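Bear in mind these aren't lab numbers, they're just calculated from the coordinates by the rules spelled out. None of the values given here were measured: they were computed from a predicted structure. Cβ coordinates were reconstructed from backbone atoms using ideal geometry, including for glycine residues, and neighbour counts include every protein chain displayed.
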Amino acid sequence: MELISGGKDQLIDLMLKMYENSTEAIFFFTSEGSTISMNPAAENIMDDHVLEQLKKGAENALCNVCRGYTSESDLTTCKDCYFTSSNHEDFTSFQVFLETVGKGIVPYAATFHVIDAEKGTRVFILRDLSMQFETQNKLQQNKMMKNVIKAQENERKRISRELHDSVAQELLSAVVDLRALKYMTNDTEVLKKTSESTATLIRLMDDIRNLSVELRPSALDDFGLEAAFRSHFKRVEESFGLTIDFKSTVKQTRYENEVETVLYRICQEAVLNAIKYAQVETIQVHLFEEGDSLQLNVKDEGAGFIVGDHPMGTGLGLYGMNERAELVLGNVTIDSEIGKGTTVHLRVPLDEKREVAK
Amino acid sequence: MDYTKEYQLQIEKIREALGCDIIALALVEPAENLHVLKWQYISGNISERIKKVVLQSGKGIAGGVFKNGKPILVADVEKFAAKEDLFNYPILKLENLKSIGAAPLWHSGRVVGVLLGGFREPHLMTPERLQMLISMSKSDIGTLDGKELMWN
């Protein structure tokens with residue numbers, strides 16, 4: 001065997017160091033399944049009782065902590081155990097779950113194979129996968145969240161259009177029909193009744209328009225951010241009786257649809273939070289471009305809260321704001337101080353075509 | 001006849017009679033304002049802000065009474081079922097009300113307005129007071145049955 005420059009001694013030295021200091025748990029077993037040796041990393045994850053048994057070379061000592069391995073059909077199974085299986089080829093790389101000291105059940109990437117065919121000595125190496133699992137989980141969650149946001153937005157758009165273009169339109173023709181009645185009769189009783197019905201229908205139409213706009217304002221798709229904000233704030237002022245001081249320097253500039261949606265939704269959320277919790281009569285909203293970014297500031301001088309503290313409400317709103325911002329590579333910062341008020345700041349980077357700088 | 005002054009005068013009188021902190025009257029606006037419902041007349045208010053709010057049928061105090069045609073009594077806002085969503089009840093928040101009652105105004109089989117009486121202390125609006133409010137919304141105050149509205 002060709003060895004590295006330092007010769008066999010150095011290799012042995014390196015192997016020993018690796019065995020001593022590796023973060024991977026390494027076990028050596030005899031062909032009968034009793035433990036020959038295990039490294040410090042392996043000892044660290046075993047509880048004292050199991051450790052004793054393993055050291056004694058007791059049979060099936062590993063079963064005390066093993067919670068099964070992942071097969072094609074099960075997440076954890078003991079069927080055809082890697083430890084006793086004669087088919088060692090199948091277990092050069094697999095996933096196994098062990099009960100560990102302090103960390104509970106931990107998933108490991110494992111390899112179990114013969115290193116000395118004559119004596120049947122086998123090595124069992126474990127690499128902790130929990131970090132990787134966590135990362136994967138987060139990635140998955142992020143992806144899901146983004147898909148959910150997109151799906152929700154599309155569905156809202158569809159229902160909103162339907163209400164606006166079809167239901168409200170039909171109602172309008174009914175109103176026109178009713179109004180035409182006054183040219184057909186002079187019966188004041190009838191006319192009085194129809195004028196009442198007209199009033200009810202018009203209010204209903206208004207309610208439907210409101211619903212449609214609340215779902216997703218068509219102004220956002222047709223006229224852009226500034227127009228959508230203005231009509232949204234007007235509605236907020238009408239519904240909640242507070243004033244929104246809106247300043248914008250973007251004029252009619254249009255941005256990518258995704259960017260506009262994200263800004264609109266985050267602003268909506270921030271303003272609603274201020275209405276719900278800040279106890280203020282005025283909210284300042286500032287929309288502007290600075291350098292190569294589009295920015296939004298929502299500021300109130302109200303109650304404020306401790307950032308990172310257990311939030312009022314579901315706490316999903318703040319989380320959602322960040323998630324949405326990430327969709328367009330933007331970021332949200334929230335400054336708040338009790339008694340001083342809250343500022344939500346969103347920054348979305350853009351490239352020269354006013355598209356998301358990807 | 002100038003109904004505006006008449007209405008204002010009437011609700012001042014009701015406030016005096018009931019001893020309320022606030023009396024508010026929501027009416028449907030005329031056709032040129034798309035028949036929206038607003039608190040048009042208020043007595044004892046701390047700000048004019050509430051007059052800007054457009055009330056939606058089915059939402060909030062006025063909206064609920066308007067839609068159901070039934071009076072409502074909230075003896076203690078702190079124990080109000082919708083306490084968590086108080087921002088949806090702007091009149092309670094803006095006028096800092098702690099106890100309210102509201103009754104519908106009927107005209108030819110329809111609700112045309114809402115009369116609200118409120119206090120800034122809890123438990124002052126009692127079923128008896130609400131009953132007084134209801135009877136006032138019906139007859140005692142002759143001109144306040146909303147019929148003028150239908151023609152202006």
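Counting only alpha carbon atoms, the long axis of helix A:316-327 and the longest principal axis of chain A meet at about 80°.
Which listed residue (B:I42, B:V54, B:Y3) has the Cα farthest towards the positive end of the charge dipole for the range B:1-61, taking +1 on Lys and Arg C-beta and -1 on Asp and Glu C-beta about the Cα centre? It is B:V54, whose Cα lies furthest towards the positive end. For the residues A:L220, A:L75, A:L129, a GNM of chain A with alpha-carbon springs under 10 Å puts the largest fluctuation on A:L75.
Amide H contacts of B:L37 (H built 1.01 Å from N, in plane; Pro and chain starts excluded): B:E29, B:L55 sit under 5 Å, all sequence-distant by 5 or more or on other chains. Sorted ascending by nearby beta carbons within 10 Å, beginning with the fewest, A:R122, A:R161 become A:R161, A:R122. Other protein chain C-beta atoms within 10 Å of residue C-beta, averaged over B:103-110: 1.
Our note on the geometry: Cα centres of the range A:206-232 and the range A:1-62, 67 Å apart. In order along the range B:120-134, phi translates into HN-Hα couplings of 8, 10, x, 6, 7, 7, 10, x, 5, 4, 4, 4, 4, 4, 4 Hz, rounded to whole numbers, per the Karplus curve 6.51 cos²θ - 1.76 cosθ + 1.60 with θ = phi - 60° and x for Gly and Pro. Which pairs in the list A:K157/A:K193; A:K138/A:K247; A:K276/B:K52; A:K182/B:K138 are over 29 Å apart, alpha-carbon to alpha-carbon? Long pairs (Cα-Cα over 29 Å): A:K157/A:K193; A:K138/A:K247; A:K182/B:K138. Helical content of the protein assembly as shown, expressed as a calculated mean residue ellipticity at 222 nm, amounts to -12000 deg cm²/dmol (DSSP H runs of 4 or more residues, -39,500 (n - 2.57) each, divided by residue number, nearest 500). In degrees, nearest 10, range 0 to 90: what is the angle between the Cα axis of helix A:130-161 and the longest Cα principal axis of chain A? Compared with the principal axis, the helix lies near 20 degrees. Comparing B:E121, B:E84, B:E95 in a Gaussian network model of chain B, where Cα atoms under 10 Å apart are tied by springs, the biggest mean-square fluctuation is seen for B:E84. With an a/c value of 1.5 or above and a/b not larger than b/c for the gyration tensor axes a ≥ b ≥ c computed over the alpha-carbon atoms, the range A:1-50 is described as oblate. Over the range A:294-351, what is the relative contact order in percent, taking alpha-carbon pairs closer than 8 angstrom and at least six residues apart? Value for the range A:294-351: 53 percent.
Charges were assigned to the Cβ only: +1 to each Lys and Arg, -1 to each Asp and Glu. The resulting dipole of the range A:1-127 about its Cα centre is roughly 160 debye.
DSSP beta bridges confined to chain A are antiparallel in about 90 percent of cases. Classified by the C-alpha gyration tensor, the protein assembly as shown has a prolate form. Its axis ratio a/c, with a ≥ b ≥ c, is 1.5 or above, and a/b is larger than b/c. The mean number of Cβ atoms from other chains found within 10 Å of a Cβ in peptide A:239-245 is 6, as a whole number.
Under a 5 Å amide H cut-off, with hydrogens placed 1.01 Å from N, A:Y255 pairs with A:L225 among residues at least 5 apart or on other chains. Each Lys and Arg contributes +1 and each Asp and Glu -1, all at the Cβ; summed about the Cα centre of the range A:147-240, the dipole is approximately 80 debye. Comparing A:Y255, A:Y319, A:Y183 in a Gaussian network model of chain A, where Cα atoms under 10 Å apart are tied by springs, the biggest mean-square fluctuation is seen for A:Y183. Hey, what angle do you get for helix A:7-21 against the long axis of chain A, alpha-carbon based, 0 to 90 degrees rounded to 10? Relative to chain A, helix A:7-21 is tipped by roughly 50 degrees. Ordered by the count of other Cβ atoms within 10 Å of each Cβ, fewest first, A:C267, A:C81 give A:C81, A:C267. Report the one residue of A:N60, A:S130, A:V236 whose Cα lies farthest in the direction of the positive end of the charge dipole of chain A (charges on C-beta: Lys and Arg +1, Asp and Glu -1; origin at the Cα centre). So the residue we want is A:V236. Near A:T188: Cβ cut-off under 13 Å, other residues only, Lys/Arg at +1 and Asp/Glu at -1. The net charge is 0.
Residue order for A:H345, A:H310, B:H123, fewest other beta carbons within 10 angstrom first, comes to A:H310, B:H123, A:H345. Remark: chain A carries a charge dipole of roughly 1120 debye about the Cα centre, counting +1 on each Lys and Arg Cβ and -1 on each Asp and Glu Cβ.
For the peptide B:26-33, the mean number of other protein chain Cβ atoms found within 10 angstrom of a residue's Cβ is 1.
Along the axis of the charge dipole computed for chain A (Cβ charges of +1 for Lys and Arg, -1 for Asp and Glu, origin at the Cα centre), the listed residues A:N210, A:V148, A:L11 are led at the positive end by A:N210.
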